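To start, the structure under review is shown below, and the notes come after it.
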2 protein chains.
Amino acid sequence: MKLYEAESPNALRVWVFMAEKGIEIPRVPVDLFKGGNLAEDYVAKNPMGRVPVLELDDGSYLSESVAICRYLEGLQPEPNLFGHDALEMAQIEMWNRRAEINFFGNVAMAFRNLTGIFKDRETCVPEWGKVAAEEARSKLGVFEARLGESAYLAGDRFTIADITLAVAIRFAERVQGMGNFDVELARPHIERWLGAVTTRPSFVDR
Amino acid sequence: MKLYEAESPNALRVWVFMAEKGIEIPRVPVDLFKGGNLAEDYVAKNPMGRVPVLELDDGSYLSESVAICRYLEGLQPEPNLFGHDALEMAQIEMWNRRAEINFFGNVAMAFRNLTGIFKDRETCVPEWGKVAAEEARSKLGVFEARLGESAYLAGDRFTIADITLAVAIRFAERVQGMGNFDVELARPHIERWLGAVTTRPSFVDR
């Protein structure tokens, strides 16, 4: 297998997931700023032009970070990060999706529209960036409340949902202040949980 | 169990999924236009204020359509709609997410921002609605190409990925023309596939 990747939050999700599993796969860098993800040979691997992409040994390709992680979970089930039974799998999926849709997605839209980082290839609407940042700030309150009553996002143990939210918060920390982006990251329960998550060996030095 | 729902595309995804499985669950309507999904007792069920929500027999709640469907797949594995092995599960998840993120999500943002249907509770940015509609129109080409070479979205059989894309296209059909929304739905391979999907008993009369 081979992983096509870049310094992006979605690639980080897969790196951390693999580190938790102890999986090592050769990596091929893709230069997003030079449009490497939009080149013909890359779009043949992933028609959506996003990183990361996993090349399988039969020459086929998988994309979408969570789909890649789910495949790796199947190859190497322990430590379990997606849930053991139907209910736990659903609870983890619910929190993973909430973290993706209600926080991560809004942070990404806010960042791109407020800073215009990819304005060479997409239309930026700063007014929408402000709406997305406010939505991210508002919904972060749901995660703060959850982490006030639960050790980890989906329950009492670390799962892929924690990887998604922690990566999204790390991303928000990096872009905080750029283009007036501010989602008020400093919240006590999130800080306690983020300390526990990002001091795991899988996160350190990434 | 009990399903809190409304006339929404996400509720339709769960209805079709349950119909495929032959699962029947009592339904509780939520009035989105009167803000029933934002009322205190509803937000206690789903802090994100979205439909649908599944109430379990122990009084706990699951939300996020795909998490609900994954739970139901666990309760009743056949007919299988999420995949049998690690690779098929990952391929289905990849296509389901592409349909959600690259098409459905953009259609929903275009609709809300172009029509201002929920402007009593959210800031609408028509310029962003145009960007989202163009992105949906552009990415629909990826699905058209895929369905030119594959009977169904994730391969040679019907899966949850087909439910997601078909529901999103049905939604786009309904809002086509509203607020100048136009994503050029008429494409030959999509029409062939959509005919096969929406004449299934699970889709008819919904």
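By the Stokes-Einstein formula, at 0.692 mPa s and 37 °C, the range B:14-67 with its Kirkwood radius over alpha-carbon pairs has D equal to 273 µm²/s. Below 8 Å between Cα atoms, with a sequence gap of 6+, how large is the relative contact order for the range B:2-75 in percent? Contact order relative to length: 36 percent.
Comment: the Cα-to-Cβ extended label point of residue A:2, at 7 Å, lies 5.5 nm from its counterparts in the other copies, nearest first. Neighbouring Cβ atoms from other chains, within 10 Å of the Cβ of residues in B:100-112, number 1 on average.
Inter-label distance, residue A:182 to residue A:157: 4.1 nm, where each label sits 7 Å from its Cα along the C-beta direction. Largest mean-square fluctuation among A:14, A:43, A:66, in a Gaussian network model of chain A whose springs join Cα atoms under 10 Å apart, belongs to A:43. Diffusion of chain A by Stokes-Einstein, at 10 °C in a medium of 1.306 mPa s and with Rh set to the Kirkwood radius over alpha-carbon pairs, works out to 90 µm²/s. Of A:21, A:119, A:139, the residue with the greatest mean-square motion in the GNM of chain A, using alpha carbon springs below 10 Å, is A:119.
Listed cross-link partners A:21/B:2; A:2/B:139; B:45/B:130 are compared with a 30 Å cut-off, the Cα-Cα value being larger for A:21/B:2; B:45/B:130.
R0 = 30 Å: FRET efficiency of residue B:192 with residue B:138, Cβ-based, nearest 0.05? That gives a FRET efficiency of 0.90. For the range B:1-111, the square roots a ≥ b ≥ c of the C-alpha gyration tensor eigenvalues yield an a/c of 1.5 or more together with a/b not exceeding b/c, which makes the shape oblate. Taking all C-alpha pairs of the range B:94-206, those more than 25 Å from each other amount to 21 percent.
Take every pair of alpha-carbon atoms less than 8 Å apart whose residues are at least six positions apart; their mean separation over the length of chain A yields a relative contact order of 20 percent. The residues neighbouring residue A:163, those whose beta-carbon lies less than 9 Å from its own, together hold a net charge of -1 under the Lys/Arg +1, Asp/Glu -1 convention.
Distance from the A-onto-B rotation axis is smallest for the Cβ of the chain A residue given, in whole Å, as A:128, 2.
Its alpha carbons give the protein assembly as shown an Rg and a Dmax of 20.2, 54 Å. Taken residue by residue and averaged, Cβ atoms of other chains lying within 10 Å of the Cβ of A:116-125 number 2. The distance separating the Cα centre of the range B:115-161 from that of the range A:3-82 comes to 23 Å. Taking the Cα centre of the range B:6-141 as the origin and placing charges on Cβ (Lys, Arg +1; Asp, Glu -1), which of B:138, B:60, B:99 is farthest toward the positive end of the dipole? The one lying farthest along the dipole's positive direction is B:138. Close amide-amide hydrogen proximity is noted between residue B:30 and B:5, B:6, each under 5 Å apart and 5 or more residues distant or on a separate chain (H modeled in the peptide plane; Pro and chain starts excluded). Taking the average, over residues, of other Cβ atoms within 10 Å as the packing measure, peptides B:104-113, A:147-156 rank B:104-113, A:147-156 from highest down.
Every number in this text was worked out from the coordinates using simple rules, so none of it is lab data. Just so it is clear, the model here is predicted, and its values are computed rather than measured. Here Cβ is always computed from backbone atoms with ideal geometry, including for glycine, and neighbour counts include all displayed protein chains.
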